[in-house]
Every structure is written in C-alpha cells, then in structure tokens.
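We did not get these values from a lab; they are worked out from the coordinates using the rules stated. Keep in mind that what you see is a predicted model, and the values were worked out from it rather than measured. Methodologically, a virtual Cβ is constructed for each residue, glycine included, from the backbone with ideal geometry; neighbour enumeration extends over all protein chains shown.
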Amino acid sequence: MLMIAGVIVAVILFGIGLLGMIFRRDLIIKLLSLGLVNGSVMLCLVSLGSRANGIAPIIRGPENANYVNPLPQALVLSAIVINFAILALALVFVMLLVEHYHSTDSQRIEHEIKREREL
Amino acid sequence: MRYRRIGLIVYATILVCCFCGLVIAFFSYQEPTRELGAIYLSRAPSETGAANIVSAIYLNYRLYDTLFEILIFSVAVLGVRFYLSDYREKEIVEKIPESQIVRTSADLFFPPIFLIGIYLTLSGHLSPGGGFSGGVVAGTALLLCAVALGANTVGKRFHEPTLRWLEWGVLLVVLSLPLLPIVVGRLPFTALLPPGTMGKVISGGSIPIDNLLIGIRVFIGTWVIIHYFMRHRGEV
C-alpha cells in the first residue's frame, strides 16, 4: 500500500515538474521544476524498495527483521549528490545569462539573442 | 498566434496528464522471488562488517559507482570555480548591517552543527550518515557563519592555495585507494582492511576511511560553491 501511494505521489510530482519546465518562462523556476522531477524519481525508486512495516536497513537487532530493500537507497544517494552538483552548475550558467541579458525570462533572452544575430 | 499558443498549452497539459494517468492506471509491481537486496542484507554484515547496509553497498560492493559520483561532483565544483573566477567582480553591493539575531544564532549553532557533521561522517558505517551527508552538514554550518559575518570575512580565514591542494589531493587519494590492494598482491577493489566486528566504532574495513575522505572532499566542495556564489552576488 505504501509503495502504491509513493508511486502515485511520485508520478503526480513528475507531471507537475514537467509542466513547470515546459510552461514557466523564468529560468530559475525551470531549474526548481527540474529539481522536483529529480525528487519524484528518487521517491519512486525508494518506494519501489519499500515493504509493509519495513524498517531502515541498519542492522541492530535480530537477523531476520523486516528490512526494506537497501539497493535503491544506495543508488538514490548517488542521484542526490549528482542532482546537487548539477543544480549548482546550472545556476552558474543562469548567473552568466542574467549578467549578459539582465533577465531570467527565457523568451526574452531568446528574443535578445535573435536580435543580436540580425545585427 | 495567441490561440495557437493556448492550444499548445492545452495539448501539452493533456499529454502530460494522460502519461501520468496511464502510468498510475497500469502500474503493477511484483516483488521478485530472489531479491538482490535480500542477498545484500544477509551477506553484507559478515563480509564488510558495516551495520549500515546502504553504506556497505555504496562503499564496498558498488565502490566503482561512488568513485565516478565523486568525480562528477568534483567536475561540477570545478565548473563553478572556472566560470565564476573569471567573472567580473560586481560593484560592491552595500552590506546589510549586522543583525544581532543572526549573529547570536550563528555563535550558538555553529559548533553543534559542525560537530554533527563530523559525527555523521565518522559514524557512516554504524548509523545513518556518511561522507556525503556529513560534508554537506558541515558546509551548511559555514554557510550560517558566512550569512552572519559575510562571505569574504569567513573566506579570509582559509588559505586558498592550501584549500585547493587539499581538495584535489583528497580526490586523488579517494580515487587511488581502491588500487592499493595491488601492492599487497590482491585484486583491485577488494577489501584492504579486515571487516572487524559489526557494530564497533573501528570496523567495516576501509569504509570509515573512505567516508572521512569523501566528507572532506564534499565539505570543501560545498564551501567553494557557497563562497563563489556569495562573492559574485554581493555580500549577504
């Protein structure tokens, strides 16, 4: 049950993030939507590894306790770090664009680039 | 033109909604009978000596993944450094007068947050934590300091060339540590140290060493990102 709920929430968040990336014109909000999509994928992976009444895979007591699957969690850990690094790098590119065009509006930046090419 | 845009928006919304609905409607997942996670759970405590199975997986069984992950992190930090150090210094934004609340809370909370970061880094093989989360927590403590005192004041306390040497030296050690078993005549990526008894502070083979090195690397990387972002957008 927990798994199904996690996957449904993850898919809804994925949809919201995808729509945000397509329709919002502000570059920073686009990046935040990308983060939302990333988070939804992590949620989906972790909930696929979940079990009913499962506990975290840290061995403290009995051998055969109901531990959740540790493999998706280890993979999601890599995804979190890479998400952080890529978000930082993407924000640097947004900073460079803002420095040049004085706007975070993607359509306005596109318009300015077109005008520069015509000149 | 305007109607065309509205039509496109409606069309894309319907497409995304259909996709999400189809995924939810036809979602089915059967737990495999011979689960890989169960194999890790039964074998990892005796083979690696780590109580935290997640860190046993990403620092022992799948160390190769983690090495490239730390490499990607380093390349991203290098990118931030490269694109922002060449960047013209902004005209100095007027500094916001120091707030007593922020200053006092920074004084109060900096030591505990930093200590929690070190604890998380060193106990990654026993409890939730590890190099990545511990490094980021310790970096966040520095962010609090930079908010209270200004990024340049905090930045002056670090010797920049030493920081750079440490950053890349630690990366080199992290990348070459798995090759060390060759010296003793074993295959690379095999265990260098004995696993020890599970649950003790000194156990888990080379997992604590890896955690410590990754923690230092992530801490410096986080600080570099924070420092460069603050320096080029004016003081907080």
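A few comments on the model shown:
- Unit charges at the beta carbon, dipole of the protein assembly as shown: most positive-side option, B:Phe27, A:Ser50, A:Ala85: B:Phe27
- Dipole check for the protein assembly as shown: with +1 at the C-beta of Lys and Arg, -1 at the C-beta of Asp and Glu, and the Cα centre as origin, the magnitude is about 380 Debye.
- Label separation (A:Arg108 vs B:Arg103): 3.8 nm, computed from points 7 Å beyond Cα along the C-beta direction.
- Simple Cβ-charge dipole of segment A:2-118, Lys/Arg +1 and Asp/Glu -1, about Cα centre, in debye nearest 20: 220
- Computed from Cα atoms, the angle from the helix A:2-23 axis to the main principal axis of chain A rounds to 0 degrees.
- Whether the protein assembly as shown is rounded, prolate or oblate, judged on the alpha carbon gyration tensor where a/c under 1.5 counts as rounded: oblate
- Taking the fewest neighbouring Cβ atoms within 10 Å as the starting point, the ordered list for B:Phe114, B:Phe68, B:Phe132 is B:Phe68, B:Phe114, B:Phe132.
- Counting only other chain Cβ atoms within 10 Å of each residue's Cβ, the peptide B:8-21 averages 3.
- Tail beyond 24 Å, pair distance distribution of chain A (Cα, percent): 46
- Here is what passes the span test in chain B: the DSSP H helices with alpha carbon length of 18 Å or more along the helix axis and a Kyte-Doolittle mean of 0.0 or above are B:2-25, B:63-85, B:100-122, B:131-149, B:160-176, B:207-232.
- When you restrict to C-alpha pairs under 8 Å that are six or more residues apart and normalise by the size of segment B:85-192, the relative contact order lands at 18 percent.
- Among B:207-215, B:37-45, the order from most to least packed when residues are scored by Cβ within 10 Å on average: B:207-215, B:37-45
- Two-site FRET efficiency, B:Leu172 against A:Ile29, from Cβ-Cβ distance with R₀ of 41 Å, rounded to 0.05: 0.60
- Among B:Val147, B:Ala50, A:Ala10 the positive-end extreme of the charge dipole of the protein assembly as shown (Cβ point charges): A:Ala10
- Pairwise centroid distance, computed over Cα atoms, of segment A:37-104 with segment B:152-185, Å: 25
- Virtual spin-label span in nm between B:Tyr119 and A:Ile22, 7 Å along Cα→Cβ: 4.7
- Averaged over the residues of B:49-59, the number of partner chain Cβ atoms lying within 10 Å of the residue Cβ comes to 5.
- Relative protection proxy for A:52-58, A:15-21, from highest mean packing down: A:15-21, A:52-58 (other beta-carbon atoms within 10 angstrom).
- Take each residue of peptide A:55-61, count the partner chain Cβ atoms within 10 Å of its Cβ, and average: the result is 6.
- Radius 12 Å from Cβ of B:Val224, net charge of other residues (Lys, Arg +1; Asp, Glu -1): +2
- Our helix-only sum for chain A, with -39,500 (n - 2.57) per DSSP H run of n ≥ 4 divided by its residues, gives a mean residue ellipticity at 222 nm of -26000 deg cm²/dmol.
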